[in-house]
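Below is one structure, written out as structure tokens, with a few remarks after it.
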Amino acid sequence: MIEWIESVLGLTIQVGTVYLLASLGEIYAERSGVLNLGLEGIMVMGAALSFIFTLAYGHLAAILISVIAGILMSLILAVMAVYMRLNQTVTGLALTMLGLGLSGFLASPEVRKVILLALNPSLPESLLAIQEAPKLPEIHVPLLSGLPIIGCFFRQNVLVYVSYIAAPLMWFILFKTRPGLSLRSVGENPAAADAMGIDVFRVRCLATMISGGFAGLAGAYLFLGFQPFWQEGLTAGKGFIALSLVILSTWNPLRAILGAYLFGGVEVIQYRLQLFGLGALSPYLLAMLPYLAAIAALVAVSIESVRKRIGVPASLGIPYSREE
Amino acid sequence: MRAGKISRREFLGVARSAAIAGIVAAGVVGGIAGYVGGSSAAPPKTITATTTVTGVARTITETRTVTQTVSGAVEPLKVGYVYVGPVGDYGWSYGHDRGRRWADEHFGLPVKSFYRESVPEPEVGSAIETLIDEGAKLIFTTSFGFMDATAEYAAKYPDRYFVHISGYRSGAAGNAPENMSAAFAEFYQLYYLNGLAAGAVTETGVVGYVGAYPIPEVVRHINAFVLGANYAYKKRTGKNIKAHVNWIFSWVAPDAARKAAIALIEEKNCDVIAFTEDTPSVLQVAEEYWKKGKKVWSFSHYSDMREYGPNAHLTGQIANWGPIYLDFYRMVATNSWISVDIWARIGDYTPYRWRRPVEKSTAGQAEGVVYLAPLNPAIPSEWQILIKQRYEEMKELLFEPFSVEGNLGEPIMDQNGEVRIKAGERADHDMLWNMDWLVEYIEEPLPKA
């Protein structure tokens with residue numbers, strides 16, 4: 001039984017980390033009032049770049065490049081949605097389309113080969129055509145990894161450990177520090193924040209860039225840390241699941257941990273239940289579970305009284321302008 | 001190249017007589033051209049013969065230009081392809097694109113092929129239209145869901161030729177226009193051989209399968225695999241094999257395949273896992289277990305995937321669609337089109353179809369349309385010999401997996417204990433095409449698709 005729990009939980013953490021990393025950044029963007037619907041596109045770009053750069057320069061460079069690319073992509077959104085005050089939904093979705101298309105182009109066999117040779121002319125022929133990259137190694141934390149059940153939390157790769165540290169740290173910054181307060185006030189009442197001397201545009205721009213950086217990291221994790229095989233559009237909607245997870249977590253980084261592992265767990269359990277014969281009854285119902293959870297969360301927060309209680313950022317999705 | 005306003009039926013009549021005339025003309029023109037122009041291409045002349053019956057006369061007048069300018073004036077055969085996925089998907093669409101390039105390379109005459117990738121099923125019509133606008137004479141549509149639209153456009157454009165992959169509508173089958181053919185590369189024989197390899201190496205006696213959708217194509221592959229695994233395992237140990245199937249409800253889903261494979265390994269103790277999913281994800285998972293000190297085996301699917309699992313790779317099924325495409329190129333170029341419905345199996349499209357003795361077996365080498373991936377030396381030699389023997393026998397269809405011979409002389413039963421194949425019987429096209437039952441050794445019931 002313990003072995004079974006460890007098997008399920010260990011994989012749940014691996015699946016959930018994608019959602020956790022992506023939603024942590026998105027929480028910051030939405031708390032500042034910017035809805036970053038470009039998450040999916042940034043993630044898939046992160047995955048594609050981590051693939052290419054791992055082959056050329058190794059893991060560390062690849063992860064850094066993915067994060068930087070995520071920040072740059074979200075900067076596009078920040079300029080358009082924050083400074084130019086364009087519709088956030090439309091610009092965000094445009095960013096997703098851009099990411100899906102561009103990543104497919106960059107990582108397509110012919111283009112990838114050219115890029116790889118430009119980056120590192122000494123690469124062996126075999127690496128130019130291969131669609132996988134070395135996976136991030138598991139790091140076993142001494143002592144802790146030997147514990148029953150919770151030991152599986154400490155037999156993961158480096159990006160999972162990053163998520164363990166990032167979630168509480170981001171919660172602390174958001175709720176216990178002055179910059180966090182500024183960020184939240186910008187999302188609640190930008191006019192008042194502005195009057196208090198907070199640069200609304202700069203805060204929103206920074207928060208959007210943070211969300212982009214984390215989305216890039218989530219993409220890099222998905223490829224390098226979970227399933228290292230490049231596939232065009234390999235995020236397959238995970239960015240949108242992360243978006244609904246942000247709502248489910250009520251814009252709280254700590255609750256996002258629970259939500260991410262819940263979604264991850266549902267996905268893992270789905271394939272276990274099938275082997276107990278439950279899949280035959282209604283496989284589609286099982287496959288629907290994560291989305292059902294997402295819809296339930298969305299319905300719940302759309303109810304006015306719930307909105308007030310859980311604290312939806314009041315200015316979420318509304319561009320700020322001083323003239324009004 | 002258009003047939004102008006001639007109706008389809010008239011056209012076909014014309015096409016047939018023109019085909020005969022074309023061949024004769026090709027011979028004559030080819031002879032002359034070959035004599036005068038050396039390497040100049042004669043068969044495009046046969047294409048001009050398709051235009052009208054009187055085109056033969058024109059052909060001869062045009063001979064002069066050909067001999068003067070050699071290949072410069074020869075119009076290439078234009079071929080269009082419609083893919084359901086991106087060509088970079090590594091699996092299905094990638095395989096077709098590799099086939100396209102292979103056919104172009106081996107055609108030996110000027111050919112221009114182009115494709116539309118990632119075409120959603122409702123948009124296949126407009127994709128076909130754009131290919132026709134570009135002058136495609138021959139069009140391949142490579143997804144089951146494209147079938148009805150292909151038949152519709154075959155009726156709309158009787159002067160073009162259409163080949164649909166993985167469906168059942170064709171002029172040959174009588175349910176589509178005469179200018180439409182159907183083709184498929186069928187793997188069930190190879191899955192049986194994979195099963196033999198699986199049964200030969202399994203230590204737990206439990207094998208798994210990550211399935212895309214519970215449709216007949218996948219079901220017969222699962223059954224063939226499990227029958228093979230049972231054959232080898234029972235012969236080794238006297239016990240029946242246990243088999244588990246995990247469905248992912250997608251053709252391309254690397255992360256789902258990973259989760260499903262891990263569940264089979266950790267939940268049910270499977271140590272050999274076959275799959276129908278277009279990426280090497282399951283093989284990658286198996287390889288990861290090797291690194292952790294656990295032997296888990298898997299296979300190649302559609303292309304040689306050995307590099308994704310150097311230790312874990314047992315053997316597998318590989319397809320080269322090229323020879324099928326090339327055959328249709330030739331038919332169109334020489335005006336000898338006949339509508340066909342082809343299932344390419346082991347031995348088809350090979351230059352030498354006779355079975356070879358085991359020591360000279362070509363099992364594990366590229367040949368024909370479907371063939372076996374290289375065999376891992378970890379497979380015990382007596383089983384390598386049997387795999388090679390069966391492979392050679394299947395070239396001549398002397399052995400059929402879905403027969404009592406494939407199941408140690410016992411009748412093949414489904415999960416409900418119903419006998420599906422008795423002594424003296426073997427599965428025919430319709431049974432394979434409609435297979436909706438799982439063999440008795442599989443523990444999970446078949447989900448309703």
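The values are calculated or read from the model by the stated rules, or taken from the named source; none is laboratory data. This is a predicted model, so every value here is computed, not measured. Cβ: placed from backbone, ideal geometry, glycine included. Neighbour counts: every protein chain shown. The protein model used for the area step is the full one, side chains on, heavy atoms only, and it has no ligands, DNA or RNA in it. Shrake-Rupley method; radii C 1.70, N 1.55, O 1.52, S 1.80 Å.
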Filtering segment B:135-154 for residues that are part of a helix (DSSP H, G or I) and either of a type in the set (V, I, T) or touching a residue at least 60 places away in the same chain (Cβ under 8 Å) (or both) leaves a count of 3
Does at least one position in segment B:209-216 carry a residue that is more than 9 Å from chain A (Cβ to nearest Cβ), closer than 23 Å to B:W383 by Cβ, open to solvent by less than 10 Å² (accessible area, probe 1.4 Å) and hydroxyl-bearing (S, T, Y)?
-> yes
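Among what's in segment B:74-115 and is closer than 18 Å to A:L100 by Cβ and either more than 22 Å from the chain's Cα centre (by Cα) or crowded, with 20+ Cβ neighbours inside 10 Å (or both), pick the residue that is modelled with the highest pLDDT. Show your work before the answer.
Step one: list which residues in segment B:74-115 are closer than 18 Å to A:L100 by Cβ, which gives B:83-90, B:93.
The next check asks that each one be either more than 22 Å from the chain's Cα centre (by Cα) or crowded, with 20+ Cβ neighbours inside 10 Å (or both); those that pass are B:83-85, B:87-90, B:93.
Numbers: B:Y83: 95, B:V84: 90, B:G85: 84, B:V87: 82, B:G88: 73, B:D89: 71, B:Y90: 77, B:S93: 89.
Per the criteria, the residue is B:Y83.
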Hits in segment A:1-45 - residues which are part of a helix (DSSP H, G or I), touching a Ser or Thr at 6+ places or on another chain (Cβ under 6 Å) and within 23 Å of A:Y291 (Cβ to Cβ) | A:T17, A:L20, A:L21, A:G25, A:E26, A:A29, A:E40, A:G41, A:M43, A:V44
The condition of being in contact with a Ser or Thr (Cβ under 7 Å, 6 or more places away or on another chain) and open to solvent by 10 Å² or more (accessible area, probe 1.4 Å) holds, among B:A155, B:A197, B:A176, only for B:A176
Considering only residues that are open to solvent by 40 Å² or more (accessible area, probe 1.4 Å) and more than 12 Å from chain B (Cβ to nearest Cβ), look in segment A:1-21 and name the one that is farthest from A:L273 (Cα to Cα).
-> A:I2
Taking the options B:R353, B:R345, name whichever one is more than 14 Å from chain A (Cβ to nearest Cβ), over 30 Å from B:T204 (Cα atoms) and modelled with pLDDT under 95.
-> B:R353
Can you tell me which residue in segment B:264-280 is surrounded by the fewest Cβ atoms within 10 Å (Cβ to Cβ), limited to those that are more than 7 Å from chain A (Cβ to nearest Cβ) and of a type outside the set (A, V, I, L, M)?
-> B:N269
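One line per residue, one yes/no per condition, for (1) buried (at least 24 other Cβ atoms within 10 Å of the Cβ); (2) among the charged types (D, E, K, R):
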| residue | (1), (2) |
| --- | --- |
| A:S185 | no, no |
| A:A191 | no, no |
| A:D194 | no, yes |
| A:G197 | no, no |
| A:A215 | yes, no |
| A:L224 | yes, no |
| A:E232 | no, yes |
| A:S244 | no, no |
| A:I247 | no, no |
Where a residue in segment B:281-296 is within 9 Å of another protein chain (Cβ to nearest Cβ) and over 12 Å from B:P310 (Cα atoms) and its partner, wherever it lies, is outside any helix (DSSP H, G or I) and among the aromatic types (F, W, Y), with Cβ under 9 Å and at least six apart = B:S281/A:F229; B:S281/B:F275
When every residue in segment A:103-160 that is of a type in the set (G, A, S) and part of a loop (DSSP other than H, G, I, E, B) is compared, the one farthest from the other protein chains (Cβ to nearest Cβ) is A:S122
A:R255 fails exactly one of the following numbered conditions: (1) over 28 Å from B:M305 (Cβ atoms); (2) within 11 Å of another protein chain (Cβ to nearest Cβ); (3) at pLDDT 90 or above. What is the number of that condition?
-> (2)
Residues of segment A:220-246 being out of contact with any Ser or Thr (no Cβ under 8 Å at 6 or more places or on another chain) and either polar (S, T, N, Q) or away from chain B (no Cβ under 14 Å) (or both), which ones?
-> A:T235, A:F240, A:S244
State all residues of segment B:199-234 that are touching a Pro at 6+ places or on another chain (Cβ under 6 Å) and either among the basic types (K, R) or assigned to a loop (DSSP other than H, G, I, E, B) (or both); if no residue qualifies, say none.
-> B:P214
Got at least one residue in segment B:239-261 being away from chain A (no Cβ under 13 Å) and not β-branched (V, I, T)?
-> yes
With the condition kept exactly as written, say whether any residue in segment B:369-383 is surrounded by 17 or more Cβ atoms within 10 Å (Cβ to Cβ), part of a helix (DSSP H, G or I) and either on the phi < 0 side of the Ramachandran plot or not β-branched (V, I, T) (or both).
-> yes
Has segment B:218-236 got at least one residue that is within 14 Å of chain A (Cβ to nearest Cβ) and either open to solvent by 10 Å² or more (accessible area, probe 1.4 Å) or among the polar types (S, T, N, Q) (or both)?
-> no
Could you figure out which of (1) among the acidic types (D, E); (2) open to solvent by 10 Å² or more (accessible area, probe 1.4 Å); (3) away from every other protein chain (no Cβ under 14 Å) isn't true of A:E26?
-> (2)
Taking segment B:384-420 and keeping only residues that are open to solvent by 40 Å² or more (accessible area, probe 1.4 Å) and farther than 21 Å from B:Y441 by Cα, one is left with B:I385, B:K388, B:Q389, B:E396, B:L397, B:L398
Quick one: how many residues across segment B:299-321 are away from chain A (no Cβ under 14 Å) and surrounded by fewer than 22 Cβ atoms within 10 Å (Cβ to Cβ)?
-> 1
Taking first residues from segment B:421-449 that are within 14 Å of chain A (Cβ to nearest Cβ) and buried (at least 16 other Cβ atoms within 10 Å of the Cβ) and second residues anywhere that are assigned to a loop (DSSP other than H, G, I, E, B) and β-branched (V, I, T), the pairs with Cβ under 6 Å that are 6 or more apart or on different chains are none
Could you check how many residues of segment B:116-134 are open to solvent by 60 Å² or more (accessible area, probe 1.4 Å) and part of a helix (DSSP H, G or I)?
-> 5
If we only count helices (runs of 4 or more DSSP H) wholly inside segment A:170-283, which ones have 2 or more residues that are over 22 Å from the mean Cα position of the chain (by Cα)?
-> A:178-188, A:190-195, A:200-220, A:253-275
In segment B:348-364, how many residues are open to solvent by 60 Å² or more (accessible area, probe 1.4 Å) and either in a loop (DSSP other than H, G, I, E, B) or touching a residue at least 60 places away in the same chain (Cβ under 8 Å) (or both)?
-> 8
Verdict on A:A293 being farther than 22 Å from A:V90 by Cα, away from chain B (no Cβ under 14 Å) and at pLDDT 70 or above = yes
